Amino acid sequence: MVNACRLYLNVTMLSLILDADGNSIQHWPMYGTQQNETGLEYPYQPLPPPSAWITWRNSLHATYLEKRIDATISPLHRPIGPSAHTTVSLNHWPPTISTVGMTMMDMIDLLPLEYKQAVGNVSLPQDDGLALAECLISGNTISARSDGTVKHGDGAHAYTLRTRYNDPQECLEGSSMTPWDPQSICSLRTEHYGAFGIALIVHIICIRHSITATTGYINFYIDNDTVIKRLKYGVQPETGSTKHCKTDYDIWAETLNILIFLPCTSTFSRVKGHQDDALYAFCKVRSPLPRTPTTI
């Protein structure tokens, strides 16, 4: 019922239903009195019944809102908009300012907050990515490997970029916690974030070292078939508006948008030997086996 209300409203992000100050949720999305005007295509959703809107409001209150004051005021626990005492500057990517003389870390600092979450904590090579850049300029391939994991509702992802010489002095590594709802996060999202982090870092390398065209390659090594197929083939036209209902479509779409900017060619390889592969080979299942106590 909650998702039915969201689809009827034509909204995806919390910011779409907030007031101009970012302090409160507006009246119309709480009660479904109008729909968000958007150029995006959403699946058709009839007006949900009154009982669905009660569940929708209860969910919003439990997740984001302070105790209700009256029917027209729904203040957030923590406002996300600008206050009178803060100056908010929104970072854009690719950057709209001159990057001449900037280091890779300077450019990472320019990333929007949601992009920084994908890049995470980065260990940069001493040459500031020069060897990786030369690998692309010379028409060779950067090996980019990523992985993701989920345990007890916490997701994390990590990645590494290496030249063809696999020299530790030239490699780059990054890792971060993967943002999402602990109750619904799955490994698919963490795997997507690992690939997203790689795409952003490669774009930064290309900007830092003024690579605008190259015959080089970036080869993504990923152990998730779904992520590989999504990034390799993109969003197929026949999916239409149903693409918005695909699991983790948001991060999938963002990664594709960054890949478009890369002047190199992206290729994708499946990593073998993942624990799920071994489990399937022996037991023909893709999920953990149930554990039963043994008696002696």
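Here are the numbers:
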quantity: Cα→Cβ-extended label distance, 7 Å offset, between D19 and E134, nm; calculated: 5.9
quantity: Computed label-point distance, nm, for sites K232 and L113 using a 7 Å Cα→Cβ extension; calculated: 3.7
quantity: Local net charge near W93, Cβ-Cβ under 11 Å (Lys/Arg +1, Asp/Glu -1); calculated: -1
quantity: Set of aspartates and glutamates with alpha-carbon distance to K272 below 13 Å, sequence-local pairs under 8 removed; calculated: D147, D223, D225
quantity: Gained length - T96 relative to Y44, 0.36 nm times residue gap less alpha-carbon distance; calculated: 15.0 nm
quantity: Centre separation in Å (Cα based) which lies between region 25-43 and region 179-254; calculated: 28
quantity: Footprinting exposure proxy for M177, M107 (fewest neighbouring C-beta atoms within 10 Å first); calculated: M177, M107
quantity: Peptides ranked, highest mean first, by Cβ atoms within 10 Å: ranges 123-129, 222-228; calculated: 222-228, 123-129
quantity: Cβ-based net charge around A133, under 13 Å, with every Lys or Arg adding one and every Asp or Glu removing one; calculated: -3
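Read-outs: derived from the displayed coordinates by stated rules, not from any lab. These numbers come from a predicted model, not from an experiment. Glycine gets a Cβ as well: all are built from the backbone with ideal geometry, and neighbour counts include every protein chain shown.
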